[in-house]
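Below: one structure, written as structure tokens.
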Amino acid sequence: MTEKSSNVPIIFSAEVTSARENGTPIVALESTIITHGMPYPENVSTALEVEEIIRAEGACPATIAVLDGVINVGLERKQIEDLAQRDDILKLSRADLAYALISGKSGSTTVAATMICAAQAGIATFATGGIGGVHRGAEVSFDISADLQELAKTPVMVVSAGVKALLDIPKTLELLETLGVPVVGFQTDAFPAFWSRESGEACPLRLDQPQEIAALYQMRQSLGLEGGMIIANPVPQADEIPRNEMETDILEAIAEANRHHVVGKEVTPFVLSRIKDLTNGESLVTNIALVKNNARLAAKIAKAL
Ligand code: PSU
Ligand code: MN
């Protein structure tokens, strides 16, 4: 993928700079999962362990965030620790990324904003936990994550454990189809539901090898098709929480969000945090396991590209 030249304030860590010079494959990582997705200190340990997994596969991790108005591609350990403990960090998506840059603010990047920054840096592979999607009740609330539109526009592959089961998964898949986003199950026919290996929905496409995923990405580029892809990678069996076990806690967490009139960007962090408490921390353990599993696959895809 070619890099965009522009007046964008963007800097690369020493590790990412040398990977770019040496042609080492790079995997982008988001930072909203650190600031808004997981509590301290698990957010720090997970972020650092995920980076180590990518290095062990022979690729270079690039955790992305906006620090004082500058896009940072690759963070130092101290920067991750600082982000993870501050409570004044904006959650940035397509709508407000540029705002943070012109006003010198700091923000973590969601899947959508991380894709934009990765494309700026010429990085085609990105690992996260789960992308945003169509929320349950979206027919009333209109709450649909900007991640979906971004996948239709920006040529970055996102490795995700399906979408979070707190969302409306059938509607999310319908919208992705409309937007022309390939949804590829990795070694599975079932579309995963984040904490669970199955959602009850089928995966529209299936590939079993990282090389095939790289080939699909390149064929879409050859066809001139804009946009990215979702690689749906189910959480390992040993770490999964079955769907029926999760559902009661999900319904309770969503009901609490509605009772407290939680709206907009706050919805996903609020519901994730309540689900963690309602499952006595079990959902967090699974969340950490699936992010690591996605990082491992993303590194393999980046190498195959
Ligand atoms: N995956 C996780 N935890 C998270 C997120 C993803 O395991 O916290 C974040 C991602 O940054 C994603 C965002 O882009 O949640 C979606 O937020 P929203 O629903 O507000 O678009
Ligand atoms: Mn939303």
Subject >> Meets criteria (part of a strand (DSSP E or B), in contact with a strand residue (DSSP E or B) (Cβ under 6 Å, 6 or more places away or on another chain), hydrophobic (A, V, I, L, M, F, W, C) and closer than 23 Å to F194 by Cβ) for I71 >> reply: no
Original post:
Do we have any residue at all in region 30-49 that's within 16 Å of ligand 2 (Cβ to nearest atom) and under 22 Å from A304 (Cβ atoms)?
Top reply: yes
Original post:
Could you list, in sequence order, the residues of region 240-263 that are in a helix (DSSP H, G or I) and out of contact with any Leu (no Cβ under 7 Å at 6 or more places or on another chain)?
Top reply: R243, N244, E245, M246, E247, T248, L251, A255, E256, A257, N258, R259
Subject >> Options L92, L75, L83: the member that is within 21 Å of F270 (Cα to Cα), aliphatic (A, V, I, L, M), out of contact with any Gly (no Cβ under 6 Å at 6 or more places or on another chain) and crowded, with 23+ Cβ neighbours inside 10 Å >> reply: L83
Original post:
Of all residues in region 76-115 being in a helix (DSSP H, G or I) and in contact with a Leu (Cβ under 6 Å, 6 or more places away or on another chain), which is farthest from ligand 2 (Cβ to nearest atom)?
Top reply: A100
**OP:** Run A118 past the list (1) closer than 20 Å to V291 by Cα; (2) assigned to a loop (DSSP other than H, G, I, E, B) and report the number of the one that doesn't hold.
**Re:** (2)
**OP:** Mind listing just one residue for me: the one in region 228-238 that is surrounded by fewer than 18 Cβ atoms within 10 Å (Cβ to Cβ) and not polar (S, T, N, Q) and, of those, farthest from A124 (Cα to Cα)?
**Re:** A238
Subject >> Among residues of region 8-48, those that are closer than 15 Å to A118 by Cα, within 16 Å of ligand 1 (Cβ to nearest atom) and touching a Gly at 6+ places or on another chain (Cβ under 8 Å), counted >> reply: 0
Original post:
What number of residues in region 121-178 are surrounded by fewer than 19 Cβ atoms within 10 Å (Cβ to Cβ), of a type in the set (A, V, I, L, M) and more than 13 Å from ligand 1 (Cβ to nearest atom)?
Top reply: 2
**OP:** From (1) in a helix (DSSP H, G or I); (2) farther than 21 Å from V291 by Cβ; (3) within 16 Å of ligand 2 (Cβ to nearest atom), pick out the condition that doesn't hold for V271.
**Re:** (2)
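Which count do you get for residues in region 161-207 that are assigned to a loop (DSSP other than H, G, I, E, B), acidic (D, E), more than 26 Å from L284 (Cβ to Cβ) and in contact (Cβ under 8 Å) with a residue 24 or more places away in the chain?
Within region 161-207, residues that are assigned to a loop (DSSP other than H, G, I, E, B), acidic (D, E), more than 26 Å from L284 (Cβ to Cβ) and in contact (Cβ under 8 Å) with a residue 24 or more places away in the chain number 0.
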Original post:
Could you list, in sequence order, the residues of region 260-285 that are among the polar types (S, T, N, Q) and either on the phi > 0 side of the Ramachandran plot or surrounded by fewer than 22 Cβ atoms within 10 Å (Cβ to Cβ) (or both)?
Top reply: S273, T279, N280
Original post:
Has region 145-160 got any residue that is more than 27 Å from I53 (Cβ to Cβ) and assigned to a loop (DSSP other than H, G, I, E, B)?
Top reply: no
Subject >> Failed criterion for V235 (all others in (1) out of contact with any helix residue (DSSP H, G or I) (no Cβ under 8 Å at 6 or more places or on another chain); (2) in contact (Cβ under 8 Å) with a residue 60 or more places away in the chain hold) >> reply: (1)
**OP:** State whether one or more residues within region 211-227 are closer than 25 Å to A138 by Cβ, out of contact with any Cys (no Cβ under 7 Å at 6 or more places or on another chain) and crowded, with 16+ Cβ neighbours inside 10 Å.
**Re:** yes
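Read-outs: derived from the displayed coordinates by stated rules, not from any lab. Predicted model only: the values in this text are computed from it and were never measured. Every residue, glycine among them, receives a Cβ derived from its backbone with ideal geometry; neighbour counts consider all protein chains shown.
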